[in-house]
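Trainee: One structure coming up, written as structure tokens, with questions to follow.
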Amino acid sequence: MRKYYLFLIQTEYFKLFRKNPKTLYDILYNLYQLKEPNFNYGFSLFDSICQPFSVKLLNHYIQERYTCTIVNSKQLKIHSICEKTILQIGYGCIVIKSNVNFPEILKVFHIYNKKIFVCDFKNKDYFWLSNQMQKTR
């Protein structure tokens, strides 16, 4: 299973890291690994780089468009013949667990916003969602 973290990047940081995603990945990876004594610094840095997702809007849209099962108050299981995908939409980031490398649900987020950065910290993989969508066309 792949585990993707989606981040909505502020416009100024999108322009800054658009051609240098490795630096953005390194910053987000360090925040991901941050220990409790440094949480205040981490939250401050995260808030300056990322902007919140519209949780209600995305949850409503996805539940209307896809056949889903609510796993718990935070997770949706998306039913598909080709893939197994679980989605957790939060204000700070979206987490997608899937058995495929490029889950279908990523298309929804590409429509939602073009400044989404995707990280798979376990596999040290990262990409701008808009760039990946251009490659799959």
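Trainee: In nm², what is the average projected area of the convex hull enclosing the Cα atoms of the stretch 49-137? The partial results should precede the final answer.
Mentor: Details: hull surface 24.5 nm².
Hull-based average projected area comes out at 6.1 nm².
Trainee: Hand me the trypsin sites (Lys or Arg not before Pro) from the stretch 77-117 located in a DSSP loop with no more than 16 other Cβ atoms within 10 Å, in residue order please.
Mentor: Numbers: sites: K77, K84, K97, K107, K114, K115; in loops: K84, K114, K115.
Passing sites in the stretch 77-117 are K84, K114.
Trainee: Output wanted: per-residue J couplings in Hz (rounded whole) for the stretch 89-105, from phi through Karplus 6.51 cos²θ - 1.76 cosθ + 1.60, θ = phi - 60°, x for Gly and Pro.
Mentor: With coefficients 6.51, -1.76 and 1.60, one gets 9, x, 5, x, 7, 10, 10, 10, 10, 8, 8, 10, 6, 9, x, 4, 5 Hz.
Trainee: Bin all alpha-carbon pair distances of the stretch 88-137 at 10 Å intervals from 0 and give each bin's fraction as a whole percent.
Mentor: 22, 64, 15
Trainee: Continuing with the same structure: Run through all the Cα pairs of the stretch 13-89 and give the fraction in each 5 Å bin from 0, expressed as whole percent.
Mentor: Taking all Cα pairs of the stretch 13-89, the binned fractions are 3, 12, 16, 15, 13, 17, 17, 6, 1 percent.
Trainee: Can I ask one more? Mind checking which of L76, F14, N59 is farthest towards the positive end of the stretch 11-137's charge dipole, using Cβ charges of +1 (Lys, Arg) and -1 (Asp, Glu) about the Cα centre?
Mentor: In the stretch 11-137, that residue is F14.
Trainee: Another question, then. Which value, in debye to the nearest 20, gives the size of the charge dipole of the chain about its Cα centre, when Lys and Arg are +1 and Asp and Glu are -1 at the Cβ? Kindly include the intermediate steps, with their values, before the conclusion.
Mentor: Values: 20 positive and 9 negative charges, 72 e Å.
So the dipole magnitude of the chain works out to roughly 340 debye.
Trainee: With the other protein chains left in place, how much accessible area per residue, in square angstrom, belongs to the stretch 83-137 at a 1.4 angstrom probe?
Mentor: Accessible surface, normalised per residue, equals 49 Å².
Trainee: Could you check how much of the accessible area of the chain is carbon and sulfur, as a whole percent, using a 1.4 Å probe? It would help to have the intermediate numbers written out before the result.
Mentor: Working: 4370 of 8460 Å².
Here it works out to 52 percent.
Trainee: Let me ask you something else. For the stretch 80-137 and the stretch 19-38, what is the separation of their C-alpha centers, rounded to whole Å?
Mentor: 18
Trainee: Can you list residues whose amide H is under 5 Å from C50's amide H, if they're 5+ apart or on another chain and H is modeled 1.01 Å from N?
Mentor: Here the answer is Q10, since their amide H atoms fall under 5 Å of that of C50.
Trainee: With n ≥ 4 as the cut-off for DSSP H runs, can you work out [θ] at 222 nm for the chain, using -39500 (n - 2.57) per run divided by the number of residues, rounded to the nearest 500? Please list the in-between numbers first.
Mentor: Numbers: 6 runs with 56 residues, N = 137.
Value at 222 nm, helices only, nearest 500: -11500 deg cm²/dmol.
Trainee: Excluding V71 itself, calculate the net charge of residues whose Cβ lies under 13 Å from the Cβ of V71, where each Lys or Arg counts +1 and each Asp or Glu counts -1.
Mentor: Working: positive: K74, K77, K84, K97; negative: none.
Overall, the nearby charge balance is +4.
Trainee: Do the alpha carbons of any pairs in K97/K124; K3/K124; K3/K122; K77/K107; K15/K35 sit beyond 18 Å of each other, and which pairs?
Mentor: From K97/K124; K3/K124; K3/K122; K77/K107; K15/K35, over 18 Å: K15/K35.
The values are calculated or read from the model by the stated rules, or taken from the named source; none is laboratory data. Keep in mind it's a predicted model, so treat the numbers as computed, not measured. Note that we place each Cβ from the backbone using ideal geometry, even for glycine, and neighbour counts take in every protein chain shown. Just so you know, the surface numbers come from the protein's heavy atoms only, side chains and all, with ligands and any DNA or RNA stripped out. Shrake-Rupley method; radii C 1.70, N 1.55, O 1.52, S 1.80 Å.
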